[in-house]
Structures are given as C-alpha cells and as structure tokens.
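Inspection log for the structure reproduced underneath, given as structure tokens.
Computed from the coordinates by the stated procedures, all read-outs in this text should not be read as laboratory data. Because the structure is predicted, anything quoted here is derived from the model rather than measured. In this analysis, Cβ positions are derived from the backbone assuming ideal geometry, glycine residues included, and neighbour counts consider all displayed protein chains.
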Amino acid sequence: MSTPVPGAPLVAASTSATAPTAPTAPTAPTARAPQIGWPSASQQAWQWSVDQFNVAYAAVLDQKQFEQWPDFFVPQGFYQVQSRENFERQWPLALLALEGQGMLRDRVYGITQTIYHAPYTMRHVLSPARLTLPQPDAPAEQQAVVRAETAFAVFRNRPSQVSEVYSVGRYLDEFVATGEGLRLQSRRCIVDGDTVLNSLIYPL
C-alpha cells in the first residue's frame, strides 16, 4: 500500500475507473497571538503609573486647567510638537519647542491672557503606553529613565459645530520618578500630519 502524500485527499484504492476527486481547498493558517510573557510586578507598576499619569494629563488639558500643565514636567522638562516627516528625517524644525517649566508657564500665560481665538475645547483619546524599561547594564544616568510611546487622537469641539479631528499622532516620553511622583523629563508629540488645523494654541 502506498504512503499518502501530505496534504492530498485520502481515497480508497480501486481498480475500477472513477471520476477524479476535486482537490481540497487549502485552509488559512491559524492566527497566533504574539509571544508576550507575563509582566513582572515592576513592569505592572510602571504600566499602571504611566497610564494613570496620561489620563490625568489629558483631563487637565480637556478641562482647560492649563495652569497645572507645567507641573507634569520636571523643572528642566522639554516639550515639543513635531511633524512625523521632520522627526523621521531627523530635521530639527518643530511646530513648538519649549524647554523648562519657565517656558511652559510663559506658554500658559499666552494661552490664557494674550492669544485671541475662537473658543473651543479638546478631547484626548489615548492608547495604553508601550514602555521600555532601563536595562540592568545601562549607564547610571539612564537607570532612572523609563521611555514610553503612547498613541493619541485629539478632537476639537466648537460651539454649535460638529466635532472634528484636530491632531493624531504619538507621544514619545521620558519619565522619571521624583519625590512628588512621576514626572516628564521630555514629551515629544509626533503628529502624523504636516500641519495642525488653523493653528496650534492649546498643548496636545
């Protein structure tokens, strides 16, 4: 008796002439989940802390409590809004770049006191953060820094108008733990488009 060929239909041997059997349609490969191990207690703690930080950050901006915005950064914190093209080409041009809480507070003053514009509110929708924890063999100055990437979509709402997509992109963050809790050492907002509708007034 001959050995069946893998993948060929199994039919009984017969000496009489029979109609050829239609080939079996190939089946789609079974989808497999990525092999991701269970996070350690430290990874779970960092994940929860960063995600809760981002929720609080978005709530402050959505509620227009801009005076609290600089407090999410360390005193020398860096904030930047840059197009995806400029980021990928490593071009320094940015839509907005602020260094230190002093510049952040100047921006808040401009938003609340000197910039005139049609009123609107924002609504942030954020993904869970994807974290990169420091490696044990990393230099000492990098041991305290946790890097994170979070996707965001920001919608703009104006009175008597339909909500519109204001900006979509991702945060590239560097977090540090301080005596007052988690703080941003830097936040780079990489927007997928080249421009933001009309103008960039409120922080993303």
Whole-Hz ³J(HN,Hα) from phi, Karplus 6.51 cos²θ - 1.76 cosθ + 1.60, for region 85-96, glycine and proline x: 4, 5, 5, 5, 8, 6, 8, x, 4, 9, 5, 7
Neighbour-count order for 187, 89, 107, 130, fewest beta carbons within 10 angstrom listed first: 89, 130, 107, 187
Normalised contact order of region 41-191, rounded percent, pairs of Cα under 8 Å and 6 or more residues apart: 25 percent
Exposure proxy order (Cβ contacts within 10 Å, fewest to most) of 184, 104: 184, 104
Long-range amide H partners of residue 73 with built H, under 5 Å: 184
Dipole-positive endmost among 79, 48, 65 within region 41-191 (Cβ charges, Cα centre): 65
Exposure proxy order (Cβ contacts within 10 Å, fewest to most) of 103, 122: 103, 122
Kirkwood hydrodynamic radius (C-alpha pairs) into Stokes-Einstein, region 126-187, 20 °C and 1.002 mPa s, D in µm²/s: 155 µm²/s
FRET efficiency, residue 135 to residue 168 (Cβ-Cβ, R0 30 Å, nearest 0.05): 0.45
Cα Rg, Dmax (largest Cα-Cα span) when computed across region 41-191, Å: 16.1, 56
